[in-house]
Amino acid sequence: AAFLRPMLRHADPSRFALAYRILWRAAREPDLLHLPGDADIHRAARMAQAVRREAHRMKAFVRFRAVAEGEGARYVAWFEPEHDVVEIAAPFFRDRFAAMRWSILTPRRCVHWDGVELRFTSGARKADAPDGDPLEAAWRTYYAATFNPARVAPQAMRGKMPRKYWRNMPETDGVAELLSTARTRAAEMIARAPTPCRKEARAMSDDPSAPAGSDDLPALAAGEQACTRCPLHRDATQ
């Protein structure tokens, strides 16, 4: 049954016994699958949800590293999923990186894309994956640049990005420092005076009707009354 397919990828060794019991009961209880409060159905649904969540995390936390192969490169990633989600997530990577040759290695199952078809092989060892490449510096720079110290929430962050995935993600090397300096950096952001965005500053400097000084409130008020820089002035009454 389609209802049972996701939960059969769960790591719980009792999943097959649970699936058999649900099938056996469903043959005698036609409405069983429509009873979310049933203990077996509830447990199977939670297992399926855990599998789907793990597939989502695989899509978010895989990091490819370039490996020379022939005249080009193959991008190889190492991931350690909690459940058997490689086949579920593989189509996402195929569509997202269709022009690349890549491999995702996991302890349970591996998937490879050559630009034409997906190929699955048995599990691998972490030693089979590369340790790093020059792109890791870019990952660290990107993560540090997008980190907002004013909205840091360590507990929520760990909920979305559990620590067990950190060891295979280069950008997490700097998380401890970013967290420890977040309060100081947020205070510095608040202390700095606000500045107009580039688009606003350029519009003000290019428009001769714009007030000369942005700190001169009377001049700003006068300029506002005569402003015709957008269509709103046509019907304005105040």
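Given the condition of a type in the set (Lys, Arg) and at pLDDT 75 or above, answer yes or no: does some residue in segment 194-206 qualify?
Scanning segment 194-206, I find no residue that is of a type in the set (Lys, Arg) and at pLDDT 75 or above, so the answer is no.
Please find, among 182, 219, the residue that is open to solvent by less than 80 Å² (accessible area, probe 1.4 Å), modelled with pLDDT of 75 or more and within 23 Å of the chain's Cα centre (by Cα). Reasoning before the result, please.
On the way: 219 fails: within 23 Å of the chain's Cα centre (by Cα).
Every option except 182 fails the conditions.
One line per residue, one yes/no per condition, for (1) surrounded by fewer than 18 Cβ atoms within 10 Å (Cβ to Cβ); (2) closer than 30 Å to residue 102 by Cα; (3) not β-branched (Val, Ile, Thr):
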| site | (1), (2), (3) |
| --- | --- |
| 9 | no, yes, yes |
| 22 | no, no, no |
| 28 | yes, no, yes |
| 37 | yes, no, yes |
| 60 | yes, yes, yes |
| 65 | no, yes, yes |
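Any residue at all in segment 146-155 that is part of a loop (DSSP other than H, G, I, E, B) and surrounded by fewer than 15 Cβ atoms within 10 Å (Cβ to Cβ)? Don't jump to the end; show me each part of the working.
The first filter runs over segment 146-155 and keeps only residues part of a loop (DSSP other than H, G, I, E, B), leaving 147-148, 152-153.
Going one step further and asking which of them are surrounded by fewer than 15 Cβ atoms within 10 Å (Cβ to Cβ), we end up with 148, 153.
Looking through segment 146-155, at least one residue is part of a loop (DSSP other than H, G, I, E, B) and surrounded by fewer than 15 Cβ atoms within 10 Å (Cβ to Cβ).
Report those helices (runs of 4 or more DSSP H) wholly inside segment 1-117 carrying at least 1 residues which are acidic (Asp, Glu). Steps first, answer last, please.
Numbers: elements: 15-28, 39-61, 86-96.
Helices (runs of 4 or more DSSP H) meeting the threshold: 39-61, 86-96.
Filter segment 106-118 down to residues that are under 17 Å from residue 81 (Cβ atoms) and loosely packed, with under 15 Cβ neighbours inside 10 Å, then give me how many there are. It would help to see each step written out before you state the result.
Narrowing segment 106-118 to residues under 17 Å from residue 81 (Cβ atoms): 106-112, 118.
If we keep only those that are loosely packed, with under 15 Cβ neighbours inside 10 Å too, we end up with 107, 118.
Residues that pass the stated criteria total 2.
Output the number of the condition that residue 121 fails; it satisfies all remaining conditions of (1) surrounded by 16 or more Cβ atoms within 10 Å (Cβ to Cβ); (2) touching a strand residue (DSSP E or B) at 6+ places or on another chain (Cβ under 7 Å); (3) not acidic (Asp, Glu).
All conditions are met except number (1).
Counting only residues that are open to solvent by 20 Å² or more (accessible area, probe 1.4 Å), in contact with a helix residue (DSSP H, G or I) (Cβ under 7 Å, 6 or more places away or on another chain) and not hydrophobic (A, V, I, L, M, F, W, C), how many does segment 167-179 have?
Counting residues in segment 167-179 that are open to solvent by 20 Å² or more (accessible area, probe 1.4 Å), in contact with a helix residue (DSSP H, G or I) (Cβ under 7 Å, 6 or more places away or on another chain) and not hydrophobic (A, V, I, L, M, F, W, C) gives 2.
Give the residues of segment 1-57 that are modelled with pLDDT under 95 and among the hydroxyl-bearing types (Ser, Thr, Tyr), sorted by residue number.
none
The values are calculated or read from the model by the stated rules, or taken from the named source; none is laboratory data. On a predicted model such as this, the values are computed, not experimentally measured, just so you know. Cβ coordinates were reconstructed from backbone atoms using ideal geometry, including for glycine residues, and neighbour counts include every protein chain displayed. Areas reflect the complete protein model, heavy atoms only, side chains present, ligands, DNA and RNA absent. Shrake-Rupley method; radii C 1.70, N 1.55, O 1.52, S 1.80 Å.
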